[in-house]
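The structure under discussion appears below in the form of structure tokens.
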Amino acid sequence: MKKRASAAGTFYPSDKTELENFIKSYEIDNPKYNSRGVIVPHAGYMYSGRLAANGIQHLKRNAKNVFIFAPAHYERVFGCTVCDYDEFETPLGNIKVNKELTQKIAKFCDCNTANFVFEKEHSIEVQLPLIKYFLPDAQIVPVLYGCENFKNLCETIEHFWKDEDNIFVISSDLSHFYPEKEASKIDNYTAKMIETNITQNFEQEQACGAVGVCGLIEFAKKSNFSLIRVGLTNSASATGDSSRVVGYGSWFLYEGEKNNYIKKYYSDFVKKVCKGSILSGLQLGATEPKTYDCAFEEYGASFVTLELDGILRGCIGSIIAHKPLIKDLIHNAHAAAFSDPRFPALTLNEYNRITIGVSLLSKPERIEFETEEELLEELTPAVDGLIIRDGNFHAVFLPDVWEQLPDKKDFLEQLKLKAGLQKDYFSESFEAFKFNATKIN
């Protein structure tokens with residue numbers, strides 16, 4: 001039994017050649033990372049096709065099964081629903097349903113089986129030509145949901161993740177029908193939640209596929225994975241109408257921390273950005289690169305350290321991620337060279353002799369303690385950076401400082417002195433936070 005295409009000719013071209021040409025125009029150079037999970041939009045190709053294609057191209061190409069989780073727009077659904085089709089029609093050729101996995105997921109999720117729910121639904125169908133083009137041999141496991149707990153989807157992904165032949169597509173647009181300025185604020189807020197693995201207070205209005213999005217976020221959080229931005233846009237970029245827009249975003253799942261992704265694939269670029277910022281301060285070049293990966297649009301916290309002949313020459317950074325990483329790097333590199341109060345402004349002669357190091361900071365984690373001894377027990381030398389504060393007194397040590405102060409007590413005492421406190425200071429209001437730092441040298 002075949003599911004006939006219902007969105008061909010409206011959401012995407014029904015002519016095979018025209019559709020192939022559309023998708024060819026979306027092809028990108030080989031992505032640096034092959035992922036097993038993506039969030040992609042499901043609007044018409046003229047609005048979000050390029051962004052969806054970019055997301056799909058980040059998927060592992062030799063995967064055998066593509067699980068597609070998408071919201072039902074036309075039928076009222078409680079929980080999840082699967083279908084009994086053998087294949088779905090696309091202008092590029094039919095795409096088979098893995099009926100064995102469909103039955104397994106129906107049993108695992110206690111799903112209904114109802115073909116009529118899929119008949120007019122575009123949220124799955126618009127992904128199929130892209131999947132057929134970029135993963136021609138893969139089979140699909142299509143799942144529609146309505147009123148469902150996102151934690152159930154998280155558990156489903158977790159269960160089927162164990163088989164490395166399985167990959168996962170979360171189909172979702174973002175905000176709907178706000179003026180563009182307001183929509184951009186909402187969508188950037190949503191993007192920040194996705195990129196920091198936050199599901200608390202994620203509202204249905206932020207994304208029509210909020211359940212699927214939060215399910216993948218929760219899975220990423222439990223697995224210590226990260227969601228890396230592929231792109232963020234809205235319908236105004238295609239139509240020019242900014243009065244009522246729909247937002248679109250795409251992310252891929254990285255099996256590790258975002259900062260490790262940046263280090264592995266973009267270390268040279270990070271140092272180039274810092275050098276460019278310093279050169280601009282010397283009036284020898286532009287500050288911001290013209291093009292960069294969307295991952296650098298995510299908020300990030302960095303420290304930039306300059307050394308001259310092996311001796312510290314400047315170090316400025318951000319403890320909390322409060323701006324896009326690209327801007328944070330530019331600002332901190334410039335400040336380390338020209339605004340560190342411990343040193344005079346860097347000269348051109350010195351620039352030719354400095355070495356630049358960058359530390360990308362994780363989100364600080366509060367340390368719970370009642371005594372100083374308990375605080376010291378929570379510290380791991382050479383791994384943890386430490387932030388302390390009490391009222392207006394505060395200071396931070398990067399993990400690098402352990403090289404000079406390997407003893408925990410000495411480490412804490414020197415940090416207190418840096419904050420303007422006495423070595424033996426302690427109070428009930430004394431707070432501490434630890435973090436890790438990914439170094440790029």
In the stretch 103-123, anything of a type in the set (Val, Ile, Thr) and within 20 Å of GLY209 (Cβ to Cβ) is listed as ILE105, VAL117
So GLU155, is it in contact with a Ser or Thr (Cβ under 8 Å, 6 or more places away or on another chain), surrounded by 15 or more Cβ atoms within 10 Å (Cβ to Cβ), charged (D, E, K, R) and closer than 24 Å to ASP173 by Cα
no
Top-ranked residue in the stretch 300-310 [being of a type outside the set (Asp, Glu) and at pLDDT 95 or above; ranked as surrounded by the most Cβ atoms within 10 Å (Cβ to Cβ)]
VAL304
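In the stretch 268-282, is there at least one residue being touching a Cys at 6+ places or on another chain (Cβ under 8 Å), modelled with pLDDT of 95 or more, farther than 21 Å from TYR33 by Cα and buried (at least 17 other Cβ atoms within 10 Å of the Cβ)?
Here is the first cut: in the stretch 268-282, the residues touching a Cys at 6+ places or on another chain (Cβ under 8 Å) are none.
No: the stretch 268-282 contains no residue that is touching a Cys at 6+ places or on another chain (Cβ under 8 Å), modelled with pLDDT of 95 or more, farther than 21 Å from TYR33 by Cα and buried (at least 17 other Cβ atoms within 10 Å of the Cβ).
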So, of the residues in the stretch 71-112 that are exposed (fewer than 15 other Cβ atoms within 10 Å of the Cβ) and acidic (Asp, Glu), which turns out to be farthest from VAL141 (Cα to Cα)?
ASP110
Has the stretch 411-429 got any residue that is more than 29 Å from GLY310 (Cα to Cα), touching a helix residue (DSSP H, G or I) at 6+ places or on another chain (Cβ under 8 Å), touching a residue at least 60 places away in the same chain (Cβ under 8 Å) and not hydroxyl-bearing (Ser, Thr, Tyr)?
no
Residue ranges of strands (runs of 3 or more DSSP E) in the stretch 162-259 with at least 3 members within 27 Å of THR438 (Cα to Cα), in contact with a strand residue (DSSP E or B) (Cβ under 7 Å, 6 or more places away or on another chain) and modelled with pLDDT of 95 or more
226-234, 245-254
Can you tell me which residue in the stretch 354-408 is farthest from the chain's Cα centre (by Cα), limited to those that are in a helix (DSSP H, G or I) and within 30 Å of LYS275 (Cβ to Cβ)?
GLU403
Return yes when ILE326 is of a type outside the set (Gly, Ala, Ser) and without any contact (Cβ under 8 Å) to a residue 24 or more places away in the chain and no when it is not.
no
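The values are calculated or read from the model by the stated rules, or taken from the named source; none is laboratory data. These numbers come from a predicted model, not from an experiment. FYI the Cβ positions are ideal-geometry reconstructions off the backbone, even for glycines, and counts take in every protein chain you see.
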